[in-house]
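Every read-out reported here was derived from the displayed coordinates using simple, explicitly stated rules and does not represent laboratory data. Being a predicted model, the structure only gives us computed values, none of them experimental. Note: ideal-geometry Cβ built from the backbone for every residue, glycine included; neighbour counts use all protein chains shown.
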């Protein structure tokens, strides 16, 4: 047998050539039409052997070029002895060489027009300074060449549709789920989970590795726009550019579901911060909030990543304004499903009278025809009744999804072998029914382990079949959330890449300066004046015409109340004494503290005490915090976050996430608060923080809210300055 | 072939006879040595046929007596034509007859000394008044006979150890998990889940049905004391006597883990209640709290019930004061396991310097030897290194459990087929290691679906092997909680069956009466007096010698502040005017409201505002609520519950569950609170409520706490009275 390269599968017409020319660098990387393996090896224990074998076994129909200085032949292919021998314009080179050899070979690859390289070697940044230097050298090698790199320290990439298997695992089943991760074991785990739920299989897998060139956000945008990807499952331990990921995700999730499992969350909360906002937050809470804001479906459990990505890729979302109907053959499981839906915040549909009457006629007297519907034995001898019942449910306008729980697929095992044909036919009917209504149908069954044919029929029709009620309900909740999001009018993110933040040393501004900074952005802080002397204070109080608050201004004093730096109910008559009292108290608590002056403000009206804050998250950039303010701020930790800038809709959603929201409608003796005014205030704070490049922290606490008055009573800002 | 009864397997010595005589009614029911099937049938579609078949197929070695008026023969057994023909003293009769026939047949069964009956028929209480009447008739039939009944409307009972299979499913694998449930499908689901995790199998299953006689609590006590039961998995939609269950569980969990999945939780929250405590609570929160108090491991997800019961039955608890070590062959999964442990509130062990040095020597430079330990490839060619590493971890005194995550069992599939023998041997070594240290080892593997032999070896040694990191961590958390509980000094429940509560009509006591009731129980409410006139009010304020609060006393006024019924800072000079102001305000808000007088109390000192309340839960009896008090009580819903009476330890645990606990150490300007004094106060409230049979609600809100002063500022009590 003569070793030959397999002929390219394409016919080479001019239309194909044009299409080929339009392919981007990432198209070439993730859907290659030719692959070189640099460091090909005849040792079956080496990646350079396994890679070539995997490409052959996975049915990759395009040319494969093994390269090794020794030449010869490998698995029926001629081995080229140098990169220079490669034909021009190979799409991808898998580099299976030790780290040290990588920079120079990348230069050679770029020189022969290779589109992209996948660098497996480890020993780079993750190992310390020497590795970091090598990684910098690698980056230098490709700078300006136009060649793109995945890795180093990656498990590889995979296109299951074409068999471009550049990762050292058996071929993944082809399907709609694309995967981004930094962990090779994660791919094995996803493969196992996908198998456990009977599909739907994978499209593109990218092991990101050290992301010297290509990062998560770029892959996300590319895959969301790629033809075969129905959803993207992401596992990330850290996003090198979180803001770019947010912007990419906000756009990608408009058309493609993105499911994300974060690793390293328990460590992420360790960083400390100066302000309350930071200390309450921990970046895990921030990350969760801003990723949700971008439409990402967050996964708490690693065993749900493959399942959720699979369901979201194959199943219609639950339309906004509809509920879920549970259809069951056992009361116990119907109740558990209803409980789990309630915990997930998903409404059970309230069935119409007509639906209930029709169900009663079909299912007979023992059935429960309110939602959850319990057929109570009616299907034991005729599983086809599930189709009739599901049809009635789908016709009810309150129903946006049907969750069938119990024994379906096992009737022929549990009751009578003769039921098998009926079950298989019913599966087909159920699938067609869901497709006709364009609504999700999900099936939970105790018999998935037996892998009955009816389950395969359902899955082929886009109906997920799961063994766990909890997984099924988790999936319904994700489909529900996606339906809500797709339906929200005005759902268009304001997220953008932030202006570059100014570095330097953090300075806490004194309150008058902080107030002026905030006011310059159009955010009122009410009437106030700075008194430089007792005499000015008396005059200011007299001018105010009402009792005032007097607050010390001193560069050393951060928490004014704690050093006796605040007096309330100050009148013109008492102002001089109050000034002296504050001065003495502050000097006693902080000897030598310079007192620049005192702020005079009219006593605040009653109102709800809120917190509005901002930080610049190291991963995600400017973030606004909102929640319950006042003295309870630390104990309650009632705070919601959004990446700034954000829309009015997003501000409203942020408000509603908090306990504070429950106090906005005239709670007890408190005045009602105009939610629109509050949302508008938050939007303006968001724009201010996003646009103020030297601002690093902002605390408005408390912000007093009463009707449409949204009034910061205390303003604290930290900015970066040189020196 | 002649139909004969199989000979009893026992040899019939006198020792056996004595043992037989000592068997209780429940011993006879759940571990029968003879079974009668009433309503035996030759129709394979009928339970009366299936039951006899199931007993034969499941290897039940004791006599089986089919009974049917038609006589004849069934599956090789002679069919008796009446109950009267049964030999005396049959242990269990399975009654497979229609509901109507049940009461009279139960009388016949009792007459021939049958120990217990399992009544399958439905059509009783669950169907309405006619069914309830039939159920009462059933209860009458057994009253005073000594014969015990499971059901009606039950799926049956099962003893997997002896093959006493009185439930219509294939034989369950024999093992240590006993099951109590009301849903037949739940058993199918548990069988599937047990199979999915590779065991450990079942001991006794009881379908409780309508609980006309035997309820959950009696079964719990019986099974916890039975030889073969290692844990009890409970699924319940409602506990007919929740207090009895609590008392039984508090005792049972001292020796036998109890795992509980509740159904119907989302509906349970619907009941409304008069007081704040009730409205905040919803009985689901109460149920969760008091069941945990009794040591029950609560399951949120139905897919975790079988898994948790299996692990708790076979695996040692994590000793209190130790942490968990994660041992992994992939950084991604190690991180996810650490995250999940942190979320579960389980500590990662801090490894000693010696351990880390030793691990480094074994695993080499690339490994991460802090916890989580990542072998980073060291085991790829030698999985036996896991034993060496686990041994080092188990020897570290900070380590109370080892969680191995990754690919174990799949090394011979992933890397080299030659590794199979090493993996199998390593599994044996790991099992022996855990047994020697008497510490839990759990394994998570991506290869469970391949069912490698090494996993069976591990399981046989009591090492759970699970496919999901989340399940493994959930199991570790349960073992950790069990270890904590078993180690707590003074962990002896005060729970007892409550004194019978007094019925009648609910009356809200006026505040002076409520204060006297509470004070009579030794719970001080501070200085206060009741003024009947403005003159008495002035005198009372003067006697107090400090500014006072004045509060209206009126049978119609429940929320005093809302009708202007409270004035603060009242002095002797203002008391008469304040009286008038309150009177006018109350009359204006509630025309015709009778004003009995006004309570005079010295103005309260500063302090932390707490809530202490009590309700009589319809399921669980007297329950105490504790949390943040004052005006935020509704918005925060910060409340913990305990069934009363309870111990000082339980009171302390209740306090620590709340947000309020964060405010007890001198939070901001608030004084520090003596936690012991507060716990003692709660214990006394608990005793008071448990012992006061006519009390149905108590609200002490706010309770002001400052140092060791625990002072209710407002006392509201509801009692039952005739008329």
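Could you list log10 I(q)/I(0) for the stretch A:394-439 at q = 0.21, 0.32 Å⁻¹, which the Debye formula gives when each Cα is one point scatterer?
Here log10 of I(q) over I(0) equals -0.76, -1.12.
Nearest 5 is fine: what % of DSSP beta bridges in the stretch A:146-211 come out antiparallel, could you say?
Counting only bridges with both partners in the stretch A:146-211, antiparallel ones make up about 60 percent.
Which residues does a label at residue B:500 reach in the stretch B:224-239, if reach means a backbone N under 16 Å from a point 7 Å past the Cα toward the Cβ?
Answer for this model: none.
Express in whole angstrom the spacing between the alpha-carbon centres of the stretch B:483-524 and the stretch A:232-261.
53 Å
With a cut-off of 8 Å between alpha carbons and a minimum separation of six or more residues, what is the relative contact order of the stretch A:608-721 in percent? Please report the intermediate quantities before stating the final value.
On the way: 240 pairs, mean separation 34.4, N = 114.
This gives 30 percent for the stretch A:608-721.
Given a cut-off of under 8 Å on Cα pairs at least six residues apart, what relative contact order in percent is computed for chain A?
About 9 percent, as a whole number.
Pop a pseudo-label 7 angstrom from the Cα along the beta-carbon direction at both residue B:603 and residue A:604 and give the gap in nm to one decimal.
2.2 nm
Give the separation of the Cα centroids, the stretch A:28-55 to the stretch B:679-705, in Å.
A separation of 74 Å, based on Cα centres.
Report the Cα-based extents of the stretch A:360-516 along its three principal axes, largest first, to the nearest Å.
82, 32, 26
Using the alpha-carbon atoms, what tilt in degrees (0 to 90, nearest 10) does helix B:675-691 show relative to the longest principal axis of chain B?
Result, in degrees: 80.
Compute for the stretch A:483-522: radius of gyration divided by Kirkwood radius, i.e. Rg/Rh, restricted to C-alpha atoms, rounded to two decimals.
Looking at the stretch A:483-522, the ratio lands at 1.24.
What distance in nm separates the two pseudo spin-label positions at residue A:415 and residue B:535, each 7 Å out from Cα along the beta-carbon direction?
Going from the residue A:415 label point to the residue B:535 one covers 8.6 nm.
Could you check what % of the DSSP bridge pairs in chain B are antiparallel, to the nearest 5?
Bridges in chain B are about 55 percent antiparallel.
Please work out the FRET efficiency for the pair residue B:543 and residue B:594, using the Cβ-Cβ distance as r and a Förster radius of 22 Å; give the result to the nearest 0.05.
Plugging the Cβ-Cβ distance into 1/(1 + (r/R0)^6) gives 0.25.
Subtract the Cα-Cα distance of residue A:513 and residue A:561 from 0.36 nm times their separation in residues, and report this length gain in nm to one decimal. Walk me through the numbers on the way to the answer.
Values: separation 48, 0.36 × 48 = 17.28 nm, distance 1.92 nm.
Contour length minus the Cα-Cα distance gives 15.4 nm.
So, R0 is 45 Å and r is the distance between the beta-carbons of residue A:240 and residue A:648; what FRET efficiency does that work out to, to 0.05?
0.90
What does the C-alpha gyration tensor say about the overall shape of chain B? Classify as rounded when a/c is under 1.5, otherwise prolate if a/b is larger than b/c, or oblate.
Cα axes put chain B in the oblate bin.
When N is the residue count of the stretch A:157-222, what does its C-alpha Rg come to as a fraction of 2.2 N^0.38 Å?
1.06
Decide, for the protein assembly as shown, between rounded, prolate and oblate: order the square roots of the alpha carbon gyration tensor eigenvalues as a ≥ b ≥ c, take rounded if a/c falls under 1.5, and otherwise choose prolate if a/b is larger than b/c, else oblate.
Oblate is the answer for the protein assembly as shown, as a/c is 1.5 or above yet b/c matches or exceeds a/b.
Relative to the longest principal Cα axis of chain B, at what angle does helix B:331-343 sit, 0 to 90 degrees, rounded to 10?
50 degrees
Could you work out the mean count of beta carbons from other protein chains within 10 Å of each residue's beta carbon in B:294-307?
Per residue, the number of nearby Cβ atoms from other chains is 3 on average.
Averaged across A:325-332, how many Cβ atoms of other chains sit within 10 Å of each residue's Cβ atom?
Numbers: counts 0, 0, 0, 1, 1, 6, 9, 16.
The mean count of partner-chain Cβ atoms within 10 Å per residue comes to 4.
Using only Cα atoms, tell me the angle between helix B:305-314 and the longest principal axis of chain B; keep it within 0 to 90° and round to the nearest 10.
70 degrees
What FRET efficiency comes out for the pair residue B:350/residue A:143, r = Cβ-Cβ distance, R0 = 51 Å, nearest 0.05?
Numbers: r = 44 Å, r/R0 = 0.86.
After rounding, the FRET efficiency stands at 0.70.
Over the Cα atoms of the stretch A:533-595, how large are the radius of gyration and the largest Cα-Cα distance (Dmax), in Å?
11.3, 34
For the stretch B:321-487, give me the percentage of DSSP beta bridges that are antiparallel, rounded to the nearest 5 percent. If you can, show how the numbers build up before the last one.
Values: 1 of 17 bridges.
Here the share of antiparallel DSSP bridges comes out near 5 percent.
Could you tell me which of rounded, prolate or oblate describes the stretch A:1-154, using a ≥ b ≥ c as the square roots of the eigenvalues of the alpha-carbon gyration tensor, with rounded for a/c under 1.5 and, failing that, prolate when a/b is larger than b/c and oblate otherwise?
On the way: a/c = 2.03, a/b = 1.27, b/c = 1.59.
The shape class here is oblate.
Rounded to the nearest 500, what is the 222 nm mean residue ellipticity of chain A from helices alone, with -39500 (n - 2.57) per DSSP H run of 4+ residues and division by all residues?
After summing the helix terms and dividing by the residues of chain A, the value is -11000 deg cm²/dmol.
Averaged across the residues of B:183-196, what count of C-beta atoms belonging to other chains lies within 10 Å of each residue's C-beta?
Numbers: counts 7, 3, 13, 6, 2, 8, 13, 1, 1, 9, 4, 0, 2, 5.
Mean partner shielding for this stretch: 5.
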